[in-house]
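*Asks:* A single structure is presented below for examination.
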Amino acid sequence: MDEKDYVLGIDIGTTSLKAVLFGSCGKVKAKESVGYPLYQPKPDWAEQEPEEILQALIDAVRHVLIKGGIASNRVKAIGLSTAMHSLIALDREGRPLTRSIVWTDNRSVKQSDALRENGGLNIYLRTGTPIHPMSPLCKILWLKEEAPEIFHNTAMFAGIKEFILHRLFGEYVVDYSIASATGILDLSSLKWDEEVLQLLDIDTSRLPRIVPTTEVLAGMDSGLANQMGLDPKIPFVIGASDGVLANLGVGAIGPGEVAVTIGTSGAVRMVTDAPLTDERGRTFCYALTDRHWVVGGPTNNGGIMLRWLRDEFASSEVEIAKRLGKDSYDLMIEYAEKVPAGAEGLLFLPFLTGERAPYWNPNARGVFFGISLRHRREHFIRAVLEGVVLSIFSVGVALRDLAGPANQIIASGGFARSSVWRQILSDVMGKELLVPEVEEASALGAAALAMYAIHELSSFEEVKSWVRITHRHEPNLKSSEVYLQLFDMYERIYNKLESDFELMAEFQRSGDFEKATGKS
């Protein structure tokens, strides 16, 4: 690819859409981000407006080309990354009958629980998607049981990527990666699973056509292309999901190379050369290509835990930080740094929004355990940082059991700005931690996949040369011993409270707190 040519990586995330122009070696030329709201009209619901996300795509692409000063003929390809597990019910004219129901939506808890009790493990072993309300499988079951009129009037069940591609190219197609995250794709055949289709009472005509992640789409709608400032004939590579592309973007694509991401939520992932599923149902298995599979697990509760602690309990720290000209998070972590590993016996289970891997329990709830009079604010901050990392480690343990031990850990996400938090991760994992200088890993992965699809990249291994390591952390062995003891308690407490979590979740969902507390 000529030095003056660029590839456009687009990442449709949960809170915003990012468009990034990359040069031939992954160097960022320009980037643009456009946000959109999350709607929560009822408890446990989480939705977005498909048209708002389409408009965000148009605006972000138009603006990034202007920022970069790039003529459309210098963009050699586009690659697309998308958050997983969204679902939109569409009528025969392609009009949405629902908003986009996103991965954080928990309305299908009842359907998920019933399926887990009745053949759910076998479905997971075939499809690679754990049985959980995030799954489009469970969301379609909810529509079938709770919104039958919408279910029967739906001509196409699609995610946000398929909705946008239909608007751009006039056909419903889904890549292997997004399809493998629906709970409906048979991993061995890369076709829609017949038993799941029977369970849902739908046929393949109501699902998009499945294509490889390297599929190049042609014939973009000229009106939308013009709004974005693009040539309609530009190669548009369908791409994959954000999680698997993040592995590619940070260069974690070889055996034993584990990518850890902690942003709002968290994830642990490893690339294998064949699909792997866990007999205990703890991990996912999603496609990058038909020869590259990503196994691992996501957690619900990452950096959002520190934000919750700051917003609800650390208003004075926010004011102090302002007076000192510091970031409030930096000040909180300075407090935590004064406390030894293990927070002097204060343990946090960070399940404030339920939990996905390895428990896949939407009813899980947060716990501070071991509170004593000696514990002060800095202990609680430290415990929150450690609790988030212990949840990551719980996924790492499941991944180790399934795919073998890690020989390298590459970390990214908002948490990586903190040297203290990075060190805690290295100590808990007991491994050297590498932190790359990568802007927008999923968008970079999408761009790399696009280059691979148009034969400008011969191997994914080439991406490693694009990645510069900025920080390295060796584990403190004494701290690692402390964290192993804490992790044993972490798992024991979860297992003892599992049934009680369900009772508390039911009580919280009832919303009848005045009656429960005896108030009139």
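The values are calculated or read from the model by the stated rules, or taken from the named source; none is laboratory data. This structure is a prediction, so every number in the text was calculated from the model and none was measured. All Cβ positions, glycine included, derive from the backbone under ideal geometry; neighbour counts span all protein chains shown.
*Asks:* Considering only the range 12-55, state which residues are more than 22 Å from residue 158 (Cβ to Cβ), among the hydrophobic types (A, V, I, L, M, F, W, C) and assigned to a loop (DSSP other than H, G, I, E, B).
*Replies:* Of everything in the range 12-55, just one residue is more than 22 Å from residue 158 (Cβ to Cβ), among the hydrophobic types (A, V, I, L, M, F, W, C) and assigned to a loop (DSSP other than H, G, I, E, B), namely 25.
*Asks:* Would you mind finding the one in 343, 398, 406, 364 that is in contact with an Asp or Glu (Cβ under 9 Å, 6 or more places away or on another chain) and more than 30 Å from residue 245 (Cα to Cα)? If you could, list the steps in order and put the result at the bottom.
*Replies:* Working: 398 fails: more than 30 Å from residue 245 (Cα to Cα); 406 fails: more than 30 Å from residue 245 (Cα to Cα); 364 fails: more than 30 Å from residue 245 (Cα to Cα).
On inspection, the qualifying residue turns out to be 343.
*Asks:* Moving on. Without any contact (Cβ under 8 Å) to a residue 60 or more places away in the chain and surrounded by 23 or more Cβ atoms within 10 Å (Cβ to Cβ): which single residue out of 294, 250 fits that description?
*Replies:* 294
*Asks:* Does residue 321 satisfy the condition of being out of contact with any Gly (no Cβ under 7 Å at 6 or more places or on another chain) and among the aliphatic types (A, V, I, L, M)?
*Replies:* yes
*Asks:* So in the range 196-232, with the set limited to residues that are farther than 18 Å from residue 155 by Cα, touching a Ser or Thr at 6+ places or on another chain (Cβ under 8 Å) and not hydrophobic (A, V, I, L, M, F, W, C), which one is surrounded by the most Cβ atoms within 10 Å (Cβ to Cβ)?
*Replies:* Result: 213.
*Asks:* Quick check on my filter: what residues within the range 259-274 are crowded, with 20+ Cβ neighbours inside 10 Å and either among the aliphatic types (A, V, I, L, M) or modelled with pLDDT of 95 or more (or both)?
*Replies:* 259, 260, 262, 267, 268, 269, 270, 271
*Asks:* Could you list all residues from the range 241-263 that are assigned to a loop (DSSP other than H, G, I, E, B) and more than 13 Å from residue 389 (Cα to Cα)?
*Replies:* 251, 252, 253, 254, 255, 256
*Asks:* Would you be able to tell me the number of residues in the range 410-450 that are outside any strand (DSSP E or B), more than 13 Å from residue 262 (Cβ to Cβ), touching a Lys or Arg at 6+ places or on another chain (Cβ under 8 Å) and of a type in the set (A, V, I, L, M, F, W, C)?
*Replies:* 1
*Asks:* Wholly within the range 141-236, which strands (runs of 3 or more DSSP E) include no fewer than the required count, namely at least 2 residues that are of a type outside the set (S, T, N, Q) and in contact with a helix residue (DSSP H, G or I) (Cβ under 7 Å, 6 or more places away or on another chain)?
*Replies:* Working: elements: 156-158, 173-175, 209-211.
Where strands (runs of 3 or more DSSP E) fall fully within the range 141-236 and carry at least 2 residues being of a type outside the set (S, T, N, Q) and in contact with a helix residue (DSSP H, G or I) (Cβ under 7 Å, 6 or more places away or on another chain), they are 156-158, 173-175.
*Asks:* Sticking with this one: Need the failing condition index for residue 98 against (1) in a loop (DSSP other than H, G, I, E, B); (2) hydroxyl-bearing (Ser, Thr, Tyr); (3) more than 30 Å from residue 509 (Cα to Cα); (4) at pLDDT 95 or above, just the number.
*Replies:* Tallying (1) in a loop (DSSP other than H, G, I, E, B); (2) hydroxyl-bearing (Ser, Thr, Tyr); (3) more than 30 Å from residue 509 (Cα to Cα); (4) at pLDDT 95 or above, residue 98 fails exactly one: (3).
*Asks:* Further, regarding this structure: List the number of the failed condition for residue 155; all other conditions in (1) buried (at least 19 other Cβ atoms within 10 Å of the Cβ); (2) of a type outside the set (D, E, K, R); (3) more than 29 Å from residue 248 (Cα to Cα) hold.
*Replies:* (1)
*Asks:* Still on this model: In the set 281, 256, which member is of a type in the set (Gly, Ala, Ser), surrounded by fewer than 19 Cβ atoms within 10 Å (Cβ to Cβ) and farther than 22 Å from residue 447 by Cα?
*Replies:* 256
*Asks:* Then there is this: Note down all Cβ pairs under 7 Å where the first residue falls in the range 450-476 and is modelled with pLDDT of 95 or more, the second is of a type in the set (Asp, Glu) and surrounded by 15 or more Cβ atoms within 10 Å (Cβ to Cβ), and they're at least six residues apart or on different chains.
*Replies:* Final answer for the pair search is 475/427; 476/427.
*Asks:* Output the residues belonging to the range 70-93 that are in a loop (DSSP other than H, G, I, E, B) and in contact (Cβ under 8 Å) with a residue 12 or more places away in the chain.
*Replies:* 70, 83, 84, 85, 86, 91, 92
*Asks:* Among the residues of the range 122-136, count how many are more than 12 Å from residue 101 (Cβ to Cβ) and part of a helix (DSSP H, G or I).
*Replies:* Number satisfying all stated conditions: 6.
*Asks:* Another question, if that's okay. Just one of the numbered conditions (1) closer than 16 Å to residue 50 by Cβ; (2) within 24 Å of the chain's Cα centre (by Cα); (3) touching a residue at least 60 places away in the same chain (Cβ under 8 Å) is not true of residue 139; which one?
*Replies:* Single failed check for residue 139: (3).
*Asks:* Examine the range 87-105 for a residue that is crowded, with 19+ Cβ neighbours inside 10 Å, among the basic types (Lys, Arg) and more than 28 Å from residue 185 (Cβ to Cβ), and state whether such a residue exists.
*Replies:* no
*Asks:* Report yes if residue 343 is on the phi > 0 side of the Ramachandran plot and hydrophobic (A, V, I, L, M, F, W, C), otherwise no.
*Replies:* Judged against the criteria, residue 343 is a match.
*Asks:* In the set 507, 501, 460, which member is of a type in the set (Phe, Trp, Tyr) and surrounded by fewer than 16 Cβ atoms within 10 Å (Cβ to Cβ)?
*Replies:* 507
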